[in-house]
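So the structure is just underneath, and the comments pick up after that.
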Amino acid sequence: MKIKKLIIIFLAINCSIGFSQNRPTKQELINTIEKVNDYWQSTHPDSGNPFWDNAAYHIGNMEAFFVTGKEKYRAYSEEWAIHNDWKGANMADKSKWKYSYGETADHVLFGDWQACFQTYIDLYNLKPDSNKITRAREVMEYEMSTKQNDYWWWADGLYMVMPVMTKLYKVTGNPLYLDKLNEYFIYAKSIMYDLQTKLFYRDAKYIYPNHKSANGEKDFWARGDGWVFAGLAKVLKDIPKDSKYRTLFLVHYLDMAKSIVKCQQPNGYWTRSMLDPQHAPGPETSGTAFFTYGLLWGINNGYLKEKTYLPAALKGWQYLSTVALQSDGRIGYVQPIGEKAIPGQVVDANSTANFGVGAFLMAASEMVRYTK
């Protein structure tokens, strides 16, 4: 019995040592953020159009600014906003506005063109000027005046637009932003949510059993659930503590956290098909970064128990900072633009993308906040 106790104590001490060794210092984290972001901005002097993929990078870039204070990061996003006239899709004629999928100027009501408003609002809050959010308010308030509630029919849209509505509520005090946030989320849940796993399908096309993974499992796309989980964290950050809608988002956030940690791989990453690692095996950075961000945010803000969730968050960060991060500052293993896990698709150290860098910066910035 004494030998058994000694072995248990020895293992506990070693686990504790390994646990503490995985915690980088604040300065190490700042150095990592600067390495990644300086590389991205130096190799992408044109900050791009206001579509979702660029917007997702700029959301992360602003988080990098908030924790580092580097003025050039803020300036990079402001130049992007000015270049795009503080707009998403820029069609002026409201009678032609659409909300179906589309990459043209008339798809003003499609959420992928609205993610940019998150950064515009952040820039407004730093230095208020109504011009910065005029278009955001025009678009969202027009949208909320319609009878439709099916604006968010795909998982990504929850990350793109839910935080826009809570941010604009904080700026304007208009309760309709929270009313419609609740209404649109309930619709999205009705077509994408799986009650058993507490996870979200990417959209209605992927609901089990009509769609299955390679091994017959429910197929939950990691980046899709990453968008949702990170979006819920961002909503909880801004929605008032006394809002009658807050519990809905908190319950889904907490339920997702439990489900997410169960399917993390031993090396810290999440595979593209969360419940079937063999469907598309190997690491993927964007989903892993959003999960890591969401877990750290919950720990930092008292919603998730550190003892329970920090090991998963640190394992996620370990993967992000030692495997996804390349020696020159590139972020690799980012699945290309898509909507599902694809068997046989090559995702390797050379696979990078703006939205993946943005997700990495979100996770890294939340790691900085954890060290504080």
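The values are calculated or read from the model by the stated rules, or taken from the named source; none is laboratory data. None of these values were measured; they are calculated from a predicted model. Cβ sites come from the backbone with ideal geometry, for glycine too, and all protein chains shown count toward neighbours.
Taking the condition surrounded by fewer than 21 Cβ atoms within 10 Å (Cβ to Cβ), of a type in the set (Gly, Ala, Ser) and closer than 15 Å to Gly224 by Cα, does Ser259 pass?
Judged against the criteria, Ser259 is a match.
Within the stretch 62-108, which residues are closer than 21 Å to Ser130 by Cα, of a type in the set (A, V, I, L, M, F, W, C) and either crowded, with 16+ Cβ neighbours inside 10 Å or touching a Pro at 6+ places or on another chain (Cβ under 9 Å) (or both)?
Selection gives Met62, Trp80, Ala81, Trp86, Ala89, Met91, Val108.
Per-residue answers, yes or no, for (1) at pLDDT 95 or above; (2) under 17 Å from Gly224 (Cβ atoms); (3) surrounded by fewer than 21 Cβ atoms within 10 Å (Cβ to Cβ); (4) in contact with an Asp or Glu (Cβ under 8 Å, 6 or more places away or on another chain):
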{"position": "Gln264", "(1), (2), (3), (4)": "yes, yes, no, no"}
{"position": "Met274", "(1), (2), (3), (4)": "yes, yes, no, yes"}
{"position": "Gln278", "(1), (2), (3), (4)": "yes, no, yes, no"}
{"position": "Gly287", "(1), (2), (3), (4)": "yes, yes, no, yes"}
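Restricting the stretch 224-250 to residues that are of a type in the set (D, E, K, R) and touching a Ser or Thr at 6+ places or on another chain (Cβ under 9 Å), which is nearest to Leu361 (Cα to Cα)?
Lys234
Answer yes or no: is there a residue in the stretch 288-301 that is free of Cβ contacts under 8 Å to residues at least 12 places away in the same chain and either over 21 Å from Ala359 (Cα atoms) or not in a loop (DSSP other than H, G, I, E, B) (or both).
Within the stretch 288-301, none of the residues are free of Cβ contacts under 8 Å to residues at least 12 places away in the same chain and either over 21 Å from Ala359 (Cα atoms) or not in a loop (DSSP other than H, G, I, E, B) (or both).
What are the pairs, 6+ residues apart or on separate chains, where a residue within the stretch 244-259 that is under 12 Å from Leu304 (Cβ atoms) and in contact (Cβ under 8 Å) with a residue 24 or more places away in the chain has its Cβ under 8 Å from a residue that is of a type in the set (Ser, Thr, Tyr) and part of a helix (DSSP H, G or I)?
Close Cβ pairs satisfying both conditions: Ala257/Tyr309.
Would you say Ile9 is assigned to a helix (DSSP H, G or I), out of contact with any Leu (no Cβ under 7 Å at 6 or more places or on another chain), modelled with pLDDT of 95 or more and of a type in the set (Val, Ile, Thr)?
No, not satisfied.
Kindly indicate the residue of the stretch 295-351 that is touching a helix residue (DSSP H, G or I) at 6+ places or on another chain (Cβ under 7 Å) and polar (S, T, N, Q) and also surrounded by the most Cβ atoms within 10 Å (Cβ to Cβ) among those meeting that condition.
Gln335
Could you give every pair whose Cβ atoms fall below 6 Å, whose first residue belongs to the stretch 352-372 and is outside any helix (DSSP H, G or I), and whose second residue is buried (at least 24 other Cβ atoms within 10 Å of the Cβ) and not basic (Lys, Arg), counting only separations of at least 6 or pairs across chains?
Thr352/Ile331; Thr352/Val334; Ala353/Val334
Which of the residues belonging to the stretch 195-205 are surrounded by fewer than 16 Cβ atoms within 10 Å (Cβ to Cβ) and either in contact with a helix residue (DSSP H, G or I) (Cβ under 8 Å, 6 or more places away or on another chain) or not in a helix (DSSP H, G or I) (or both)?
Leu195, Gln196, Ala204
Check off (1) of a type in the set (Gly, Ala, Ser); (2) assigned to a helix (DSSP H, G or I); (3) within 22 Å of Phe65 (Cα to Cα) for Ala312 and give me the number that stays unchecked.
Ala312 satisfies all of (1) of a type in the set (Gly, Ala, Ser); (2) assigned to a helix (DSSP H, G or I); (3) within 22 Å of Phe65 (Cα to Cα) except (3).
Among the numbered conditions (1) surrounded by fewer than 19 Cβ atoms within 10 Å (Cβ to Cβ); (2) more than 18 Å from Lys147 (Cβ to Cβ); (3) not aromatic (Phe, Trp, Tyr), tell me where Asp179 comes up short.
With (1) surrounded by fewer than 19 Cβ atoms within 10 Å (Cβ to Cβ); (2) more than 18 Å from Lys147 (Cβ to Cβ); (3) not aromatic (Phe, Trp, Tyr) applied to Asp179, the lone miss is (2).
How about the stretch 97-125: which of its residues are of a type in the set (A, V, I, L, M) and out of contact with any helix residue (DSSP H, G or I) (no Cβ under 7 Å at 6 or more places or on another chain)?
Ala105
Within the stretch 132-152, can you find the residues that are loosely packed, with under 13 Cβ neighbours inside 10 Å and more than 22 Å from the chain's Cα centre (by Cα)?
Within the stretch 132-152, Ser145, Thr146, Lys147, Gln148 qualify.
Say we look at the stretch 334-369 and pick out the residues that are of a type in the set (Gly, Ala, Ser) and more than 18 Å from Tyr319 (Cα to Cα); which of these is nearest to the chain's Cα centre (by Cα)?
Looking at residues that are of a type in the set (Gly, Ala, Ser) and more than 18 Å from Tyr319 (Cα to Cα), I get Gly338.
Considering only residues that are surrounded by fewer than 16 Cβ atoms within 10 Å (Cβ to Cβ) and touching a residue at least 12 places away in the same chain (Cβ under 8 Å), which ones fall in the stretch 36-61?
Asp38, His44, Gly48
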